[in-house]
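Read through the structure below, which is laid out as structure tokens, and then see the notes.
The values are calculated or read from the model by the stated rules, or taken from the named source; none is laboratory data. These numbers come from a predicted model, not from an experiment. Cβ: placed from backbone, ideal geometry, glycine included. Neighbour counts: every protein chain shown. We work out accessible area using only protein heavy atoms, side chains counted, and drop any ligands, DNA or RNA first. Shrake-Rupley method; radii C 1.70, N 1.55, O 1.52, S 1.80 Å.
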Amino acid sequence: LRVRVERVREISEADAYAEVFNKYYMNLGPEGKAPCLFRLAWDAINAKRGLGWDANPWVWVIEFAVVKESHNAKL
């Protein structure tokens, strides 16, 4: 687990992809498209509250790994 703060406009291609976009969205355009799609989604959710892309608010970045449970795991 890793936690940090950054400005929303500092999001990387990999982070934008991991945030909300699956392979379906990524196939809609060329490489480099994830931040653009993320920006549109961000504004749709946050712009009306004054926290749009242009405001470039500080955000929490929480990184984690998904651990798949083994069917053979014993408690």
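Contact list please: Cβ distance under 9 Å, first residue in segment 52-75 and on the phi < 0 side of the Ramachandran plot, second residue open to solvent by less than 100 Å² (accessible area, probe 1.4 Å) and at pLDDT below 80, pairs at least six apart or on different chains.
If the second residue must be open to solvent by less than 100 Å² (accessible area, probe 1.4 Å) and at pLDDT below 80, the pairs left are Glu63/Ala18.
Suppose we filter segment 61-75 for residues that are part of a loop (DSSP other than H, G, I, E, B) and within 18 Å of Asp15 (Cα to Cα); how many remain?
Of the residues in segment 61-75, the ones part of a loop (DSSP other than H, G, I, E, B) are 64-75.
Still in the running and within 18 Å of Asp15 (Cα to Cα): 64-66.
Result for segment 61-75: 3.
Filter segment 6-27 down to the residues that are open to solvent by less than 80 Å² (accessible area, probe 1.4 Å) and at pLDDT 85 or above and list them by number.
The answer is Glu6, Arg7, Val8, Ile11, Ser12, Asp15.
Out of the residues in segment 28-62 meeting the condition of being of a type in the set (Gly, Ala, Ser) and modelled with pLDDT under 95, tell me which one is surrounded by the most Cβ atoms within 10 Å (Cβ to Cβ). Quick ask: steps written out before the conclusion?
From segment 28-62, those of a type in the set (Gly, Ala, Ser) are 29, 32, 34, 41, 44, 47, 50, 52, 55; that's our starting set.
From the residues that got through so far, the ones that are modelled with pLDDT under 95 too are 29, 32, 34, 41, 44.
Values: Gly29: 11, Gly32: 9, Ala34: 22, Ala41: 16, Ala44: 10.
Out of the qualifying residues, it is Ala34.
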